[in-house]
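Structure first, then comments.
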Amino acid sequence: MRRLLLRLVFVLALPVVLVGVWWVSSADSDDVYWPPLRTILETFPQVWTGERWRGDVLPSVLRLAAGYTLAAVAGVALGTLIGSYRRVRAVCEPVLEFLRAVPPPVLVPVIMLFAGIGDTMKIVVIASGCVWPVLLNTVEGVRALDAVMAETARSYGITGAARLRGVVLPSASPRSSRGCGRRCRSGSS
């Protein structure tokens, strides 16, 4: 119990000490790049409340969510298609490897031509950066379908959409999820 209490004191005291050091060390500052903490705390409510949230932060978060969702849906759908058919994979793989190597900011002028300047362009740029891990992990997840599982589904007559829903997608979902999570952790860029 004593050890837990000591740890709690350290966890709570460190931020207080750091803020105190910041307050004292920046108190006499008149530098634009290192303003006093007092000035920052006085200005914060004016700058980062209400209208600023609605005008700047919320639209950015919504565009990020839309681009990420578009990338996840497209990545899983295309990855399932490409991973399921050997001929489609043979045709698409060289093109995918080429496109994957192109950084999304390089695509901005091309996307601007097709999507215009606005939210659509921003969402498409986010999606183009996020789709690759999802797509490639889904392709590998579909390709890694257990042969016994596939053969069992075939022998029971499970084909088409039922095979996709009951066998392929559950088998590929760990890798697809890993692709989604990997892009989310890396800042979605």
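Diffusion coefficient (Stokes-Einstein, Kirkwood radius over C-alpha pairs, 25 °C, 0.890 mPa s) for region 2-47: 200 µm²/s, rounded to a whole number.
Any number yet on Rg/Rh for region 29-122, C-alpha, Kirkwood?
Numbers: Rg = 21.4 Å, Rh = 17.6 Å.
When Rh is taken as the Kirkwood radius, the ratio is 1.22.
At 30 angstrom or more along the helix axis (alpha-carbon based) and mean Kyte-Doolittle of -1.0 or higher, what helices does the chain contain? Whole DSSP H runs only. Answer set is 2-26, 58-84, 119-143.
Sort Y33, Y156 by Cβ crowding within 10 Å, fewest neighbours at the top.
Working: Y33 5, Y156 11.
With the sparsest Cβ surroundings first, the list reads Y33, Y156.
Figure the gain on full extension for V57 and S177 (residue separation times 0.36 nm, minus the Cα-Cα span) and round it to one decimal in nm. Show your work: numbers first, answer last.
Working: separation 120, 0.36 × 120 = 43.20 nm, distance 2.67 nm.
Difference between extended and current length: 40.5 nm.
The fraction of Cα-Cα pairs per 5 angstrom bin, counted from 0 for the chain, comes to 1, 7, 10, 11, 11, 9, 9, 9, 9, 7, 6, 5, 3, 1, 0, 0 percent, rounded to whole percents. Mean-square fluctuations from a GNM of the chain, with a 10 angstrom spring cutoff on Cα atoms, peak among R38, R154, R52 at R38.
Less than 12 Å Cβ to Cβ from S60, Lys/Arg counted +1 and Asp/Glu -1: what total charge do the surrounding residues give?
Here the charged neighbours net out to +2.
Exposure proxy ranking for D30, D119, based on other Cβ atoms within 10 angstrom of each Cβ and starting from the fewest, stands as D30, D119. Cβ crowding within 10 Å, taken as a proxy for footprinting-reagent exposure, orders W34, W23 from fewest neighbours to most as W34, W23.
Here, each number is a calculation from the coordinates, and none is a lab measurement. If you're wondering where the values come from, they're calculated on a predicted model, not measured in any experiment. So basically every Cβ, Gly included, is an ideal-geometry build from the backbone, and we count neighbours across all protein chains shown.
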